[in-house]
Each structure stands twice: as structure tokens, then as C-alpha cells.
Amino acid sequence: MQADKNPKTSPFPPPTVIEKSKDLSRAFAQEEIKKNLRHNFIVNLADGGFFGAALGFASFVTVIPLFVSTLTDSAVLIGLIPAIHAVGWQLPQLLTADRVARLRRYRPTVLFLTFHERAPYLGLAIIAWFLPVLEARWALAFTYLFLVWQGLGGGITATAWQSLIGRLIPLGRLGTFFGAQSATANLMASGSAVMAGILLERLRFPNNFTVCFLLASLSMIISWFFLAKTREPEIIPTRPPRSPRAFINNIGEILHQDINFRWFLFVRMLSQLGTMAFAFYTVYAVRILGVSEGIAGILTGILMATQIAANPILGWIGDRFGHRLSLEIGIMAAVASAGLAWLVVGESWFYLIFGLAGIANVALWTTPIAISLQFGNEDDRPIYIGMANTLIAPVTFLAPVIGGLLADHYGYQTTFIVSAIAGLVTVFVLHMVVKNPKQVN
């Protein structure tokens with residue numbers, strides 16, 4: 001009994017020693033984070049830039065839908081392309097949240113898992129190369145297999161990556177960082193998208209798609225090398241291991257107690273319906289209005305170029321006036337974009353339609369990440385990130401399916417007007433009931 005009372009002979013240090021060790025670990029880590037802030041800012045901008053270049057060469061809005069349209073006429077299947085990407089990003093995040101919350105360093109996990117969101121582009125290049133000797137149904141099946149792999153690869157990486165950024169970038173500068181990173185990504189994506197349009201028009205099918213997907217793969221490799229240069233200190237987590245049941249109970253407690261977060265989730269669900277029109281713009285312009293594939297590449301370039309300008313502006317607005325305002329601006333841009341697509345039938349109007357869609361994409365993709373990182377404390381942050389994405393995944397998947405069914409049965413313009421109405425409902429709910437997390441935490 002005497003030995004148990006003596007801290008020198010006890011197998012476990014007193015709790016106060018453990019707590020002091022954790023506090024010292026966090027204090028040292030914060031100094032390291034401040035010292036490496038500039039370095040991490042730059043290398044992650046470069047990572048985002050080349051990642052964006054890859055998404056320009058293999059755009060989920062233009063290039064991949066055009067590739068799939070050579071294999072099928074189904075608007076539903078074409079509409080699923082961006083949905084697979086988005087749902088794959090969202091769905092797995094909560095499943096990895098508890099494990100991520102107990103990591104001392106996020107970077108090694110991010111570097112390992114991100115392989116699964118980068119490798120599938122090479123698979124798409126192989127499919128395109130063998131298309132002359134591959135039956136269309138098999139090519140279509142393999143294409144969607146690689147798209148699902150890519151989407152889920154992004155999703156299993158996402159919680160650790162967002163937690164890494166949340167650790168390395170101060171909360172008051174998250175909007176600025178994501179704005180700058182996304183602007184860099186879209187700058188390079190706009191150039192690669194225009195180049196993809198030229199390649200699609202000048203090279204013979206299917207070599208044109210093969211080259212686009214190979215260039216996307218190369219860009220992803222370069223992006224990974226910049227990501228690997230991120231400097232992250234080790235921090236001892238304060239949350240002990242827990243059972244799956246305790247983790248689920250924690251999710252229930254957060255949803256029950258955090259009313260503002262519940263409304264935020266509801267708005268994110270509604271916003272998926274408000275942007276479902278975007279998936280059909282390119283196919284509508286090419287098939288119905290007769291726009292050439294080269295012009296389709298320019299439209300994607302305009303989409304990306306608009307996002308270059310909108311990202312830092314909306315990021316600054318979010319840091320200065322709250323990210324809810326940035327989200328409201330984006331949703332109203334989505335309403336205007338879908339409304340114009342419904343009203344007009346001229347090719348020239350689609351430059352404005354794609355520009356407005358670019359503003360909406362910034363607000364509805366980048367801004368929710370910044371908002372999600374402001375809920376809860378550092379230990380709970382991976383859980384909030386997971387819930388903010390996984391719980392809206394079913395709606396993200398269903399929205400373009402609904403849009404595709406409307407397009408198949410009633411025409412693309414019906415999809416556009418329904419999307420615009422859903423956007424109006426979204427911005428009303430957002431303005432009336434959702435507050436910036438900093439105002440309530």
C-alpha cells in the first residue's frame with residue numbers, strides 16, 4: 001500500500017504531471033506554429049494551386065461530363081458526376097473523426113490517405129486510352145468506379161486535412177487562407193481548363209481525353225510534394241480513447257445542445273438543392289445550344305477565373321464581417337445563375353451564368369469549411385468537421401439525381417428554375433436563424 005502512495009514507485013504519474021506535460025506540449029507547439037506560419041502558408045498555397053490545375057484538366061463540370069456523354073445519353077448519370085465527387089468528400093468524414101481527434105500529428109495521415117484521391121485520374125487516362133477496344137458499358141462502369149474511388153479518397157483524407165489546416169492557421173485568418181489557397185487553385189485551374197478545351201478540340205478522340213487525364217495526374221503528383229513539405233508540431237491530445245458507443249453519444253449531445261450548428265447543417269442541406277443546376281450547364285450548352293467543346297473549355301476558365309477573384313474577397317469578408325455574410329452572397333449568386341439559365345437561351349449569356357456559378361462555388365465550398373472549423377474546441381473540431389459533411393451527404397447525392405430526373409422528364413430549364421427557388425429558401429433560412437459561430441461560442 002505504501003508503494004502505491006509514493007509517486008516515485010507508482011507505475012502511473014499523477015494526473016497533475018500529465019496535465020502539465022500536455023500544457024507544455026501545446027505551448028511549445030504554438031511557438032512552432034507561429035514560427036512556421038509563413039512557410040506553411042506558402043507550401044499549402046502551392047499544394048492547392050497544382051491540385052486546382054488537376055481539376056482544370058479533369059473538370060467535374062466540363063471535361064468529365066463531356067467524356068461520360070460519349071458513353072451515355074442519361075442526364076441522371078451525367079448529373080451524378082459532381083455528386084459523386086461531393087458525396088465522396090462528405091460521407092466518410094464522420095467515420096474518421098474520432099481517430100483523427102486522437103492523432104498527435106495530422107500530416108502523416110493526410111499524406112498517406114490522399115493517394116486515394118489522386119491515383120484515380122491515372123485510371124481515367126487508361127480507360128480513355130483503351131476506349132477504341134473497350135465496350136462502352138464497361139468503359140462507363142470503370143469510369144464510375146474510379147470516380148467513386150476518387151470521391152471517397154478525398155473524403156477519408158478530408159477530416160485530417162481540415163484539422164491540419166485548423167491547427168496551423170489561426171482562426172482569425174482562416175478565411176484569408178482558404179480564400180488565397182482557392183484563388184491560387186482556381187488561377188491554375190482556369191489556365192488548365194482552357195488548355196483542356198484546346199486539347200479536346202484539336203486532338204482526335206479519345207486521345208484528347210487521355211492527355212487531359214494524364215496532365216491531371218502529373219499535377220496531382222506535384223501537389224503532393226508541396227503538401228509533404230508542411231511543418232507540423234506534435235501535440236498530445238487531451239481526449240482519451242473511447243468506445244464507438246461513447247463517440248455516437250457525443251455526436252448526439254452536440255446535435256442536441258448546439259442549436260446553431262443544427263441550423264447550419266440544415267442550411268447546408270438546402271444549399272445542395274440550390275446548386276443542383278450547375279451540374280447540367282455544360283451539357284445543356286453543348287447539346288441544346290450547340291456550343292463547341294472549345295467554348296465549353298473557355299466557360300470553365302471563366303468559372304475558375306471568377307473564383308480567383310471571389311475567393312480572397314469572400315474570405316476577407318468572412319474574417320472581417322462573419323462567414324455567414326459570405327455564404328449569403330454565394331447563395332444569391334447561385335439563385336441568379338440558375339434563374340438566368342432558366343430565362344435565356346443565348347450562348348453569350350452563359351459567360352455570366354458561369355461567372356455567377358463561380359461566386360456561388362466559392363461561398364458554398366470554401367466558406368463552410370472555414371465556418372465548420374470555428375465550432376467547438378480543438379479536441380471536438382474533427383467531430384464537428386465530420387458532422388458538417390457526412391450528415392449532408394445524402395442530400396448532396398439526391399440533389400443532382402432530382403435535377404437529372406427533372407431534366408429527363410421536363411427539360412433542363414425545369415431543373416434550373418427549381419434550383420433557383422431552392423436557393424431563395426436557403427438564403428432566407430440562413431439569414432433568419434443561423435449565427436456566426438464566434439457570436440455564440
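The values are calculated or read from the model by the stated rules, or taken from the named source; none is laboratory data. In this text the structure is predicted, and so the values were computed from the model without any measurement. Cβ placement follows ideal geometry from the backbone for every residue including glycine, while neighbour counts extend to all protein chains displayed.
Going by the conditions given, is THR426 among the polar types (S, T, N, Q) and either surrounded by fewer than 16 Cβ atoms within 10 Å (Cβ to Cβ) or over 30 Å from ARG104 (Cα atoms) (or both)? Taking the combined requirement at face value, the residue satisfies it. Looking only at residues in the stretch 34-71 that are of a type in the set (Phe, Trp, Tyr) and in a helix (DSSP H, G or I), the one that is nearest to ILE288 (Cα to Cα) is PHE67. Taking every residue in the stretch 315-343 that is in contact (Cβ under 8 Å) with a residue 24 or more places away in the chain and within 12 Å of THR367 (Cβ to Cβ) and pairing it with any residue that is among the aromatic types (Phe, Trp, Tyr) and buried (at least 20 other Cβ atoms within 10 Å of the Cβ), at least 6 positions away or on another chain, the pairs with Cβ-Cβ distances below 6 Å are GLY315/PHE178.
If you check ILE302 against the conditions, is it part of a helix (DSSP H, G or I), in contact with a Gly (Cβ under 6 Å, 6 or more places away or on another chain) and over 25 Å from VAL429 (Cβ atoms)?
Details: part of a helix (DSSP H, G or I): yes; in contact with a Gly (Cβ under 6 Å, 6 or more places away or on another chain): yes; over 25 Å from VAL429 (Cβ atoms): yes.
Considered against the rule, which asks whether it is part of a helix (DSSP H, G or I), in contact with a Gly (Cβ under 6 Å, 6 or more places away or on another chain) and over 25 Å from VAL429 (Cβ atoms), ILE302 comes out as yes.
Restricting the first member to the stretch 134-157 and to residues that are within 30 Å of ILE385 (Cα to Cα), and the second to residues that are small (Gly, Ala, Ser), the beta-carbon pairs closer than 6 Å and six or more apart or on different chains are PHE146/GLY123; GLY151/GLY88; LEU152/GLY88; GLY154/GLY88; GLY155/GLY88. Scanning the stretch 344-366 for residues that are among the β-branched types (Val, Ile, Thr), touching a residue at least 60 places away in the same chain (Cβ under 8 Å) and under 26 Å from TYR384 (Cα atoms) turns up VAL362, THR366.
Listed by first and then second residue, the pairs with beta-carbon distance under 6 Å, at least 6 apart or on different chains, first residue in the stretch 44-55 and among the hydroxyl-bearing types (Ser, Thr, Tyr), second surrounded by 24 or more Cβ atoms within 10 Å (Cβ to Cβ), form an empty list.
Taken as a whole, the structure places LEU203 among residues that are in contact with a helix residue (DSSP H, G or I) (Cβ under 9 Å, 6 or more places away or on another chain), surrounded by fewer than 19 Cβ atoms within 10 Å (Cβ to Cβ) and either modelled with pLDDT of 90 or more or acidic (Asp, Glu) (or both). The residues of the stretch 245-286 that are among the polar types (S, T, N, Q), more than 16 Å from VAL433 (Cβ to Cβ) and either buried (at least 23 other Cβ atoms within 10 Å of the Cβ) or touching a Ser or Thr at 6+ places or on another chain (Cβ under 8 Å) (or both), listed by number, are GLN272, THR275, THR282.
Applying the set (1) modelled with pLDDT of 90 or more; (2) out of contact with any Lys or Arg (no Cβ under 8 Å at 6 or more places or on another chain); (3) part of a helix (DSSP H, G or I) to LYS229 leaves exactly one unmet item: (3).
State all residues of the stretch 403-412 that are part of a helix (DSSP H, G or I) and surrounded by fewer than 20 Cβ atoms within 10 Å (Cβ to Cβ); if no residue qualifies, say none. Before the answer, list the steps.
Here is the first cut: in the stretch 403-412, the residues part of a helix (DSSP H, G or I) are 403-410, 412.
The answer is LEU405, ASP408, HIS409, TYR410.
Which ones in the stretch 245-266 are of a type in the set (D, E, K, R) and not in a loop (DSSP other than H, G, I, E, B)? Matches in the stretch 245-266: ARG245, GLU253, ARG262.
Inside the stretch 51-69, can you point out the residues that are surrounded by fewer than 24 Cβ atoms within 10 Å (Cβ to Cβ) and not aliphatic (A, V, I, L, M)? Correct list: PHE60, PRO65, SER69.
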